[in-house]
Amino acid sequence: MAGGWAKDGAVSEQIEASINDELARLKARKAPSGESRTHCAECEEPIPEARRIALPGVKLCIECVVERDARAPTRGGMNRRGSKDSQLK
């Protein structure tokens, strides 16, 4: 398949690079640490002991985490590696 100025397999390399960038970003996120709370920081409901043991430093109950994650803005799908500007430099 003709790719213009791009070498063969360049699209696959760009996809893999984007995936690796996202994985690195997720791995760099700081995990909770320290002592777990016995009650949720948002709703004050008790946090089950099994959750506190499994996730040291947990501050929220499962319901509040699910609700918070649903509100979180999604990241844009901008792939800078695939933009024409990055290819011209």
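The values are calculated or read from the model by the stated rules, or taken from the named source; none is laboratory data. Please read these numbers as outputs of a predicted model, since none were measured by experiment. Because the Cβ atoms are built from the backbone with ideal geometry, glycine has one as well, and the counts that use them run over all protein chains shown.
Restricting the search to the range 59-75, which residues are modelled with pLDDT under 90 and surrounded by 10 or more Cβ atoms within 10 Å (Cβ to Cβ)?
Correct list: Arg68 only.
Is it fair to say Ile53 is among the hydrophobic types (A, V, I, L, M, F, W, C) and loosely packed, with under 14 Cβ neighbours inside 10 Å?
yes
Here's a check for you: in the range 6-21, which residue that is exposed (fewer than 11 other Cβ atoms within 10 Å of the Cβ) and modelled with pLDDT under 90 is nearest to Cys61 (Cα to Cα)?
The selected residue is Ser12.
Quick one: what pairs do we get from the range 15-31, first residue among the aliphatic types (A, V, I, L, M), second surrounded by 10 or more Cβ atoms within 10 Å (Cβ to Cβ) and assigned to a helix (DSSP H, G or I), C-beta under 8 Å, 6+ apart or different chains?
What qualifies is Ala17/Arg81.
Which of the numbered conditions does Ala41 fail, given that it passes all the others? Conditions: (1) hydrophobic (A, V, I, L, M, F, W, C); (2) more than 12 Å from the chain's Cα centre (by Cα); (3) at pLDDT below 90.
Checking Ala41 against (1) hydrophobic (A, V, I, L, M, F, W, C); (2) more than 12 Å from the chain's Cα centre (by Cα); (3) at pLDDT below 90, the one that fails is (3).
Identify all residues within the range 35-50 that are aliphatic (A, V, I, L, M) and surrounded by fewer than 12 Cβ atoms within 10 Å (Cβ to Cβ); write none if there are none.
Correct list: Ala50 only.
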